[in-house]
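Nothing in this text is a laboratory measurement; each read-out follows from the coordinates by a stated rule. Keep in mind that what you see is a predicted model, and the values were worked out from it rather than measured. As a convention, Cβ positions derive from the backbone with ideal geometry for all residues, glycine included, and neighbour counts pool all protein chains shown.
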Amino acid sequence: MLDAIPVTEIKGVGQETAKDLADLNIHSVEDLLLHFPYRYDDNQVRPLTDARHEEKITVEGKVHSEPSLRYFGKKKSRLSFRAFIDEWLIQVVAFNRPYLKKQLDVGDVVTLTGKWDQYKASITVSDIIKGRQKSDRPFEPVYSVKGKLSVKQMRMFMTRAFDKWVATSTDFIPESIRESYKLPERRQAMQWLHFPDDQHHLKHARRRMVYEELLLFQLKMQALKKVKRTGDMNRSITIPGDDVRHFIRDLSFELTGAQNRVVQEIMRDLSGHYHMNRLLQGDVGSGKTIVAAIALYAVIKAGYQGALMVPTEILAEQHAESFDELFADYDITVALLTSTVKGKRRATVLQQLQQGNIDLVIGTHALIQEDVDFHNLGLVITDEQHRFGVGQRRVLRDKGENPDVLYMTATPIPRTLAISAFGDMDVSTIDEMPEGRKKVKTYWARHEQIERVLSFVEDELKQGRQAYVVCPLIEESEQLDVQNAIDVHAMLQQHFHHRQIGLMHGRLTNEEKESVMDAFKDKHTDILVSTTVVEVGVNIPNATMMVIYDAQRFGLAQLHQLRGRVGRGSEQSYCLLIADAKSEVAQERMRIMTETTDGFELSEYDLKLRGPGDFFGQKQSGLPDFKIADIVHDHKALEVARKDAEQMIHSDSFWQDKAYQGLREYLNSIGVFDHQRLD
Ligand code: ADP
Ligand code: MG
């Protein structure tokens with residue numbers, strides 16, 4: 001398999017070149033061959049009359065006037081001459097190629113590639129060849145390169161790799177599939193992509209490689225989804241059903257139908273033969289935490305440890321507190337492990353975890369650090385999953401213990417994104433709010449109406465309620481975010497001199513954050529001014545008012561998350577968006593926010609308004625990095641591949657027939673399925 005052949009096997013690839021290739025994520029010959037051109041230069045000689053203004057074109061003609069050369073600056077020069085192209089006399093300009101003056105004579109045949117200016121009747125050339133075009137390739141592939149690598153070298157390596165390894169290779173996609181989708185053979189597709197001859201072939205070749213990439217991806221997802229319990233984790237957890245039912249009965253509220261359903265789904269996973277790998281979707285406030293608690297309770301009572309991972313320290317503290325309370329009567333030991341837990345305390349927690357004296361640990365990313373060892377970790381839950389990258393997800397899974405995993409997210413995910421980013425998971429959805437919830441009433445105000453906004457806030461405070469005031473978000477500058485919060489805090493203190501006002505932002509130490517949060521929770525403060533650090537998960541039901549400054553700066557998903565901090569009890573809650581939204585898109589966003597409280601609806605808008613890259617936030621898109629496929633453009637192929645992959649692994653022919661042998665071997669070689677049949 002070409003994955004096992006290092007690029008250094010290719011003639012001409014030395015250590016230095018290998019390093020540059022590695023920067024492009026190219027390590028094996030297979031990687032190289034899958035590094036497809038990102039565009040093609042069209043070098044076909046065409047008639048000038050075909051060219052559009054500003055288009056890049058290759059034409060053939062004769063030099064008509066002696067080239068004249070002008071220097072400007074020290075190294076810059078401009079060479080120009082007239083040329084006859086298809087009976088037209090045009091001007092040719094070449095920058096910084098003074099040597100051409102000596103090479104070109106009147107009457108010479110030249111092939112010119114460059115940008116055509118229709119109005120000046122001139123070409124600014126990027127390439128001049130004396131004589132007729134020699135290249136027999138009308139399209140030249142252009143590859144992305146790094147370091148000292150050149151595109152020319154890349155082309156050379158491709159040729160060598162192709163001739164040596166691909167030219168005689170067989171296809172691992174069975175003929176029957178290729179035929180039914182009319183896909184070219186792999187060898188043919190590779191050839192067309194790297195050594196193209198016409199557009200039509202390119203299109204077909206691309207279709208083939210897109211399908212291949214997506215099919216392999218979906219097969220991998222199927223394999224990941226189904227990890228058999230093995231070794232000493234070769235147990236399906238024996239759920240103490242009665243205990244769990246008691247626990248649920250003793251809760252202070254009744255579970256919603258949707259909560260009950262997802263609890264069942266989780267229990268079935270826990271007692272099944274495969275590890276649980278499940279995504280739990282539910283809008284903000286739908287009650288995911290208690291579902292997590294029930295799952296953890298079951299696993300702990302069955303004799304295992306549990307871990308709950310969250311994206312912020314504030315959330316970790318909050319969960320630790322509420323789980324402590326929830327489990328108080330059930331002989332379950334809960335520990336907090338964040339960066340605040342240091343020194344001796346930390347050492348103790350780690351030791352207790354290793355010895356199995358702690359049943360449940362709650363923390364931030366610190367949890368996946370290497371020095372954390374468990375006695376017998378049975379279940380890991382990550383809350384607000386969309387805030388974690390795929391990488392972090394894997395680390396956790398690969399921690400050796402291979403626990404059951406439940407990922408919770410409040411960001412409803414449009415379908416195409418879900419099957420690509422979370423295709424390796426089963427999905428449960430809580431699509432029902434606890435009874436008695438009122439929709440958060442949302443209004444949009446302008447800055448000049450701030451007095452009215454503040455008197456609205458005061459009305460709520462008089463009823464004994466509390467309010468959040470979230471400050472403008474300045475992308476890229478935490479410093480300015482903090483300053484904003486300080487300014488707004490000062491302004492509000494003047495306005496509400498009879499009220500207690502808290503201030504929360506990312507520059508506070510964790511201890512400070514904790515005490516600010518506690519003061520708000522214990523109703524010592526009436527208003528909490530904050531940056532977006534309160535965005536996720538915070539649960540203080542007495543807060544019924546959310547004011548968001550410069551709301552136009554936030555994306556819909558984020559506004560929805562922020563709004564989700566209120567409306568968590570039975571009181572009517574309000575969200576006031578302060579925004580001088582000037583652009584149409586911004587106005588549209590404000591309008592949508594006032595009209596719907598449905599997270600799924602909002603997520604579809606968000607995808608439309610901002611595109612998929614932005615969907616999960618810039619940094620950690622959570623989306624796989626495809627080499628040739630594009631999940632938005634190729635969404636149909638993605639669906640087809642998913643169906644095919646699912647069908648394949650459930651068919652005998654996939655596991656037995658000779659037609660699939662190549663594919664099976666290929667998958668085994670990249671560590672998928674590991675020679676084991678899934679069922
Ligand atoms: P989220 O899904 O956003 O994480 P939470 O789990 O924080 O939501 O729940 C929001 C609030 O709803 C909490 O105060 C929780 O106690 C309460 N809650 C959860 N389930 C129910 C229910 N079935 N009936 C009433 N209240 C519930
Ligand atoms: Mg939550």
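The C-alpha atoms of the chain define a longest principal axis, and helix 151-161 lies at about 90 degrees to it.
The amide H of ILE381, built 1.01 Å from its N in the peptide plane, has ALA307, LEU308, MET309, LEU406 as neighbours under 5 Å, considering only residues 5 or more places off or on other chains. Taking 51 Å as R0, compute the FRET efficiency from the Cβ-Cβ separation of GLU604 and LYS148 and round it to 0.05. The formula returns an efficiency of 0.65 here.
Taking every DSSP beta bridge that has both ends in segment 7-154, the antiparallel portion is near 90%.
What FRET efficiency do you get for HIS447 and GLU55 if R0 is 51 Å and r is their Cβ-Cβ distance, rounded to the nearest 0.05?
My answer for the efficiency is 0.60.
Placing a label point 7 Å from the Cα of GLN354 along the Cα-to-Cβ line, the residues of segment 315-348 whose backbone N sits under 14 Å from it are 346-348.
What does a probe at LEU224 reach in segment 242-276, counting residues whose amide N is under 18 Å from the point 7 Å along Cα→Cβ? Label zone hits: 274-276.
With the simple model of a label 7 Å out from the Cα in the direction of the Cβ, ASP105 to ALA519 spans 8.9 nm. Any chance you could check the Cα centroid distance between segment 487-519 and segment 49-101 for me, in angstrom? Result: 67 Å between the Cα centres. The separation of segment 236-276 from segment 317-377, counted between C-alpha centres, amounts to 23 Å.
Estimated at 0.36 nm per residue, the fully extended path between ASP197 and GLN647 surpasses their Cα-Cα distance by 158.4 nm. In order along segment 39-56, the Karplus-derived 3J(HN,Hα) couplings, from 6.51 cos²θ - 1.76 cosθ + 1.60 at θ = phi - 60°, round to 7, 10, 7, 8, 9, 5, 5, 10, x, 4, 5, 6, 6, 8, 4, 6, 7, 7 Hz, and Gly and Pro are given as x.
For a straight C-alpha distance cut-off of 30 angstrom, the lysines reachable from LYS344 (same-chain residues fewer than eight places away being disregarded) are LYS301, LYS399, LYS513, LYS521. Neighbour counts of C-beta atoms inside 10 Å place THR532, THR170 in the sequence THR170, THR532, starting with the fewest. Helix 343-355 and the longest principal axis of the Cα set of the chain meet at an angle near 90°. Helix 599-610 axis versus longest C-alpha principal axis of the chain: approximately 30°, rounded to the nearest ten. Farthest toward the positive end of the dipole of segment 434-561, out of HIS447, MET491, LEU508, is the Cα of HIS447, where the dipole comes from beta carbon charges about the Cα centre. For the chain, DSSP calls about 40 percent of its internal beta bridges antiparallel. Taking a ≥ b ≥ c as the square roots of the eigenvalues of the Cα gyration tensor, the chain is classed as oblate, since a/c reaches at least 1.5 and a/b does not exceed b/c. Per residue of the chain, the DSSP helices (runs of n ≥ 4 H) give a summed -39500 (n - 2.57) that works out to -11500 deg cm²/dmol at 222 nm. Loop-located trypsin sites (Lys or Arg not before Pro) across segment 66-153 with a Cβ neighbour count of 16 or fewer within 10 Å are LYS74, LYS75, LYS120, ARG132, LYS134, LYS146, LYS148, with loop assigned by DSSP.
Measuring between their Cα centroids, segment 423-469 and segment 143-185 lie 55 Å from each other.
Which FRET efficiency, nearest 0.05, do ALA328 and GLU595 yield, Cβ-Cβ r, R0 41 Å?
Result of the calculation: an efficiency of 0.45.
I need the shape label for segment 241-314. Rule: rounded when a/c is under 1.5, else prolate if a/b > b/c, else oblate, with a, b, c from the alpha carbon gyration tensor. Note, shape of segment 241-314 comes out rounded.
Label reach from THR509 (point 7 Å along Cα→C-beta): in segment 346-368, amide nitrogens under 19 Å belong to 346-347.
Once Lys and Arg get +1 and Asp and Glu get -1 on their Cβ, which of LEU280, ILE314, SER180 lies farthest toward the positive end of the dipole of the chain? Value: SER180. The alpha carbon gyration tensor of segment 1-109 gives principal lengths a ≥ b ≥ c with a/c of 1.5 or higher and a/b greater than b/c, which makes the shape prolate.
Taking the Cα centre of segment 1-153 as origin and assigning +1 to Lys and Arg Cβ atoms and -1 to Asp and Glu Cβ atoms, the resulting dipole is close to 1000 debye. With the dipole of the chain worked out from charges on the C-beta (+1 for Lys and Arg, -1 for Asp and Glu) around the Cα centre, which of SER570, GLN355, TYR297 lies farthest toward the positive end? My answer, from the dipole projection, is GLN355.
From least to most packed, judged by other beta carbons within 10 angstrom and beginning with the fewest, ILE548, ILE631 follow the order ILE631, ILE548. Where both bridge residues fall in segment 81-194, DSSP classifies roughly 80% of the beta bridges as antiparallel.
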